[in-house]
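Heads up: the structure comes next, in structure tokens.
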There are 2 protein chains.
Amino acid sequence: MPELRLNLVTREWVVIARERAKKPEDFKKAGYIKKEIEPFIDTCPFCPGNESKTLGEIFRISAGKDWKVRVVPNRFPVFSAAGERLRKTDGLKRMVSGVGAHEVIIETPLHNMTTALLPVEQTTDIIRTYKNRFISLHQDPRIEHVIIFKNHGEGAGVSVEHPHSQVIAVPIIPIQFRDRFESAAHFFDDTGECLMCMTIRKEKEEGTRVILDTEHFLTFIPYAALSPFHTWIFPKRHSASFSDITDLEIKDLANTLKTILSKLYYGLDNPDFNYVLRSHRPRDCDMEYFHWYISIVPRLSKEAGFELGSGMYINPSIPEENARFLREVKV
Amino acid sequence: MPELRLNLVTREWVVIARERAKKPEDFKKAGYIKKEIEPFIDTCPFCPGNESKTLGEIFRISAGKDWKVRVVPNRFPVFSAAGERLRKTDGLKRMVSGVGAHEVIIETPLHNMTTALLPVEQTTDIIRTYKNRFISLHQDPRIEHVIIFKNHGEGAGVSVEHPHSQVIAVPIIPIQFRDRFESAAHFFDDTGECLMCMTIRKEKEEGTRVILDTEHFLTFIPYAALSPFHTWIFPKRHSASFSDITDLEIKDLANTLKTILSKLYYGLDNPDFNYVLRSHRPRDCDMEYFHWYISIVPRLSKEAGFELGSGMYINPSIPEENARFLREVKV
């Protein structure tokens, strides 16, 4: 019998299709051949030596006269850096001018790298860069929300191969974020506890969905994972905003992220994935009922009319089996 | 400057990326070659002569001893037809047994057809079949919600080529549906009007996004269309549930659906698409503030980390331009 599970954090119903479920190892990329990629590509705008091909640099972490991480504006930005935030209401039409920011974080000088293979010190620098951009962009009064994310692989929407993350700053609060935040507030009203703090505690107690448990972070496959190997990284210390992450926590997070992405890389032969950092803004840091986290979604299943028409998901795998599989992958 | 538009019906923010926007004709399938498909395929379980390859027939519309439309159970159902609806709560875990239905509507005996090419009488029979299954499945007390949808083309999740729709009946109300319904109720509280009735009136008045205006339906690209050529078909007569559609309206809807899908077929060279019928259940038919409709989503853009991480969408096209383009496609 299939199971419907409700994800209390996202308020999404997920069908765990037991009868149709694949075994964890069945999600290995079919016919995956490791492509030999050169570490430097002449025509790549993100490779060292081609710095003039990107627009004005916004931030860098240096090593001597070289850079380790660089932040540049996206050449085809979704949002415009210049301009006023204007709101227009006309009948049923609601419009806000598309001011904000769209930046690219070049994660390494090496074209042929990926987080799974990078030294953990490099991932630490990437997360330090996330923190810098997150705080800095939120200082702009036109900005309400900042989304940091990474697309990996063509199936996840990548167009430039050189490893990079993206930051998008938007002049409104996305309704999805507001909904989750409101339902977390209701949970707090009912229980006096942060839903996410309680989730961490319960997942740790039960253990079957936990992949990694470090000093500062718990990494697990959610009970109602929306797709195969959907993974959450939660900071153990309650905080609504990523902006107050400490340097010790950054080091732990870098190690955690590298470990999980390595487990996916070696265990499932480098699947396409997206990850995204979900966080309240810095000034709401002390809020008792929201908790920032990172969500990793490998692109191993396809959405069609059902998902579109219901906002529900079909997960053709068993979260507990996938978690056990990833726990056992040696990296 | 890009524009952020709020879709009041779905509560989704959409970025209309003016600078990155493509022209309507740029969405024609690159390198599309019309594949010659045979009208009957020996190995296809949905082709006439192979009726024994499907499980027990649920419904059919006949023409003499032949069938015109057939409904059969999905061979790999997401939900189980047998069993009790049970709910389990354990700590933060919420589980409902996956009882329900998963049926396939075989739309025509001809393997090489598509709605754009079928005679309108055939589409009328398909919609009559939708109505039968919608009402019939809702008589099961375990069922809370019925989703009728069609996937067309590989990019939209099709695995069997023979033209078919699907019906999924679920034992819960999807949260996405409940959210939309609640926000429509708030709108009604504020204004005393159905949000969707007002939307139809305003879209008709403004006209720039209207594609087709028939006696019983208005077809338009929503102001905040989530992707290129995202299209809504709204019945002009207020009703919360598809179950009370009249035969006259069915004929008009068949003509409307065929016309719109033909415009996509000829105007954009047969793009992949999903459509879905969003409706309240029959017993909520008289509700003043919800209005059933059909949503068509051609699969012409790709979701990545940003969409996943924000629930917002980037639409690389201008709704008004796309509507004008489709209005002008001759069929």
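Where a number appears in this text, it was derived from the coordinates with a stated rule and is not lab data. Note that the structure is predicted; figures quoted are calculated from it, not measured. Reconstructed Cβ throughout: ideal geometry from the backbone, glycine too, with neighbour counts over all protein chains shown.
Listing B:V9, A:V170 from fewest to most neighbouring C-beta atoms within 10 Å gives B:V9, A:V170. Build a GNM of chain A with springs between Cα atoms under 10 Å apart, and of A:P141, A:P48, A:P228 the one that fluctuates most is A:P141.
The gain in end-to-end length when the A:K302 to A:E321 segment is fully stretched comes to 4.8 nm, 0.36 nm per residue minus the alpha carbon separation. What's the FRET efficiency of A:K53 with B:R283 using the Cβ-Cβ distance as r and R₀ = 56 Å, to the nearest 0.05? Once rounded, the FRET efficiency stands at 0.35. A dipole drawn for the range B:3-328 from +1 and -1 charges on Cβ atoms has a positive end, and of B:T199, B:P48, B:Y266 the residue lying farthest that way is B:P48. Other chains' Cβ within 10 Å of B:3-10 residues: what's the mean? If you average over the peptide's residues, the count of other-chain Cβ atoms is 5. Beta bridges assigned by DSSP with both partners in the protein assembly as shown are antiparallel in approximately 95 percent of cases. Packing, taken as the mean count of other beta carbons within 10 Å per residue, orders the peptides A:145-158, A:274-287 from highest to lowest as A:145-158, A:274-287. Once the Cβ-Cβ distance of B:F76 and A:K29 is raised to the sixth power relative to R0 = 25 Å, the FRET efficiency obtained is 0.65. Only the Cβ atoms of Lys and Arg (+1) and of Asp and Glu (-1) were treated as charged; on that basis the dipole of chain B about its Cα centre amounts to roughly 420 debye. Sequence-distant contacts, meaning Cα pairs under 8 Å at least 6 residues apart, place the relative contact order of chain A at 22 percent.
Take each residue in A:87-98, count the other chain C-beta atoms within 10 Å of its C-beta, and the mean is 6.
The rotation axis that maps chain B onto chain A passes nearest to the beta carbon of this chain B residue, listed with its distance in whole angstrom: B:D179, 3. In a fully extended conformation the segment linking B:K131 and B:I41 would gain 29.5 nm over its present Cα-Cα distance, using 0.36 nm per residue. Hydrodynamic analysis of chain B uses the Kirkwood radius over alpha carbon pairs. Inserted into Stokes-Einstein at 10 °C and 1.306 mPa s, it gives a translational diffusion coefficient of 76 µm²/s. Database remark: amide H of B:V69 closer than 5 angstrom to the amide H of B:I61 (H placed geometrically; neighbours at sequence offset of 5 or more, or on other chains; Pro and chain starts carry no H). Across A:T43, A:T219, A:T259, mean-square fluctuation computed from a Gaussian network of chain A (C-alpha pairs under 10 Å connected) peaks at A:T43. Label separation (B:L86 vs A:T246): 4.6 nm, computed from points 7 Å beyond Cα along the C-beta direction.
Counting every other Cβ atom within 10 Å of each residue's Cβ, A:M1, B:M196 order from fewest to most as A:M1, B:M196. Based on the reciprocal of the average 1/r between different C-alpha atoms, the Kirkwood radius for the range A:218-331 equals 15.3 Å. Helix content alone sets the calculated 222 nm mean residue ellipticity of chain B: runs of n ≥ 4 DSSP H residues at -39500 (n - 2.57) each, divided across all residues, give -8500 deg cm²/dmol.
For a 4.7 Å threshold on C-beta separation, the list of partnerless cysteines in the protein assembly as shown reads A:C285, B:C285.
Over the protein assembly as shown, the pair-distance histogram of Cα-Cα distances with 10 Å bins from zero comes to 3, 15, 25, 27, 19, 9, 2, 0, 0 percent, rounded to whole numbers. A crude spin-label estimate for the pair A:K330 and A:I173, with each label 7 Å from Cα along the Cβ direction, gives 4.9 nm. Note on the range A:181-331: lysine pairs with Cα distance below 19 Å, sequence gap of 8 or more or different chains, count 7. In the assembly of identical copies, B:K65 has its label point, taken 7 Å from Cα in the direction of the beta carbon, separated from the corresponding points by 9.0 nm (ascending, one decimal).
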